[in-house]
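Heads up: the structure comes next, in structure tokens.
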Amino acid sequence: MTLPKINRILLKLSGEVLMGQGQFGIDPDTCDRVAREVKAATETGLQVCMVVGGGNIFRGLAGAAKGFDRASADYMGMLATVMNALAMQNALEKLGIDTRVQSAIPMASVCEPYIRRKAERHMEKGRVVIFAAGTGLPFFTTDTTAALRAAEMKCDALFKGTSVDGVYDADPKKVPTAKRYDSLTFSRVLADDLKVMDASAVALCRDNDIPIVVFNIRDDGNLAAVLRGEGTATIVRNQP
């Protein structure tokens, strides 16, 4: 897998990644391990911002399916992402990485409000910025938030850390013969509904020419390896 020259990335993590081996909530050891991965990336001179989902605490769609008003459920999910962002901030700062959490829903006692230019200045100074509370609006996923913030921050790529080592033509956990792709085009992902990210996020990355790199964040050292072009991952971009 060959990546273009990269100076700034957005790292998207699902909330489930922070559960570790648990079934709910935040595992401090997992946060620390992910923080070490991010630290290793920043030590190469890379500028990093992050978006973390909230599915380990509350997922809006799941809440709506159980009878919650969809908008209210989505706001609850946004608050879950703030908790995850604060957990990651704590883990990063324990390693000496200056980190700022910016929330799309203002909560001045907890973190900064999202201000694009301020976020850019933080990254230019070597700080990691974690974007929380989604877009601040219901009916949008954290995948879409990640694509939006990557475009706003002029990121060179969006790295999506998952529990599998790339994009497959079927669920590799259920289909042992599933084929992994080394590279894909945005058009192919949308046409075949490959579930890399939701369609609006993929379209945003396509329109802003931001490659999506899907890799396994659960393997120690994998983020650094993928950044060096040595790890296993799938890259989605406009050109095959």
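The values are calculated or read from the model by the stated rules, or taken from the named source; none is laboratory data. Just so it is clear, the structure is predicted and the values come from calculations on it, not from any experiment. Quick reminder, even Gly has a Cβ in these numbers, built from the backbone with ideal geometry, and neighbours come from all protein chains shown.
Against the list (1) modelled with pLDDT under 95; (2) out of contact with any Lys or Arg (no Cβ under 8 Å at 6 or more places or on another chain), the condition Cys31 fails is (1).
Residues in segment 144-167 that are surrounded by 24 or more Cβ atoms within 10 Å (Cβ to Cβ), charged (D, E, K, R) and under 17 Å from Val189 (Cα atoms): Lys160 only.
Tell me, which residue of segment 168-199 that is in a strand (DSSP E or B), in contact (Cβ under 8 Å) with a residue 40 or more places away in the chain and in contact with a strand residue (DSSP E or B) (Cβ under 6 Å, 6 or more places away or on another chain) is surrounded by the fewest Cβ atoms within 10 Å (Cβ to Cβ)?
Checked segment 168-199; the qualifying residue surrounded by the fewest Cβ atoms within 10 Å (Cβ to Cβ) is Arg180.
Here Ala170, Ala146, Ala133 are screened, and the one residue that is over 19 Å from the mean Cα position of the chain (by Cα) and among the hydrophobic types (A, V, I, L, M, F, W, C) is Ala170.
Restricting attention to segment 1-11, the residues that are surrounded by fewer than 17 Cβ atoms within 10 Å (Cβ to Cβ) and among the basic types (Lys, Arg) add up to 1.
Residue-by-condition table, conditions (1) farther than 23 Å from Ala73 by Cβ; (2) at pLDDT below 95; (3) in contact with a Leu (Cβ under 7 Å, 6 or more places away or on another chain); (4) not hydrophobic (A, V, I, L, M, F, W, C):
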| residue | (1), (2), (3), (4) |
| --- | --- |
| Arg116 | yes, no, no, yes |
| Arg127 | yes, no, no, yes |
| Thr135 | no, no, yes, yes |
| Phe140 | no, yes, no, no |
| Thr145 | no, no, no, yes |
| Asp156 | yes, no, no, yes |
| Val167 | yes, yes, yes, no |
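Scanning segment 131-165 for residues that are over 24 Å from Ala64 (Cα atoms), of a type in the set (Gly, Ala, Ser) and part of a loop (DSSP other than H, G, I, E, B) returns a single hit, Ser163. In segment 202-240, the residue that is nearest to Cys49 (Cα to Cα) out of those that are of a type in the set (Gly, Ala, Ser) and assigned to a loop (DSSP other than H, G, I, E, B) is Gly221. The condition of being within 21 Å of Ala225 (Cβ to Cβ), surrounded by fewer than 18 Cβ atoms within 10 Å (Cβ to Cβ) and at pLDDT below 95 holds for only one of Gly45, Gly67, that being Gly45. Residues in segment 12-37 that are in contact with a Ser or Thr (Cβ under 9 Å, 6 or more places away or on another chain), surrounded by fewer than 22 Cβ atoms within 10 Å (Cβ to Cβ) and of a type in the set (D, E, K, R): Glu16 alone. One residue is enough: does segment 97-107 have a residue meeting the conditions modelled with pLDDT of 95 or more, in contact with a His (Cβ under 7 Å, 6 or more places away or on another chain) and not small (Gly, Ala, Ser)? Yes. Looking at Thr42, is it of a type in the set (Ser, Thr, Tyr) and within 20 Å of Met153 (Cα to Cα)? Yes, satisfied.
Just one of the listed residues (Met19, Met50, Met76) is on the phi < 0 side of the Ramachandran plot, free of Cβ contacts under 8 Å to residues at least 24 places away in the same chain and touching a helix residue (DSSP H, G or I) at 6+ places or on another chain (Cβ under 9 Å), and it is Met76. Out of all the residues in segment 147-169, is one or more farther than 30 Å from Glu112 by Cβ and hydrophobic (A, V, I, L, M, F, W, C)? Yes; the residues of segment 147-169 include at least one that is farther than 30 Å from Glu112 by Cβ and hydrophobic (A, V, I, L, M, F, W, C).
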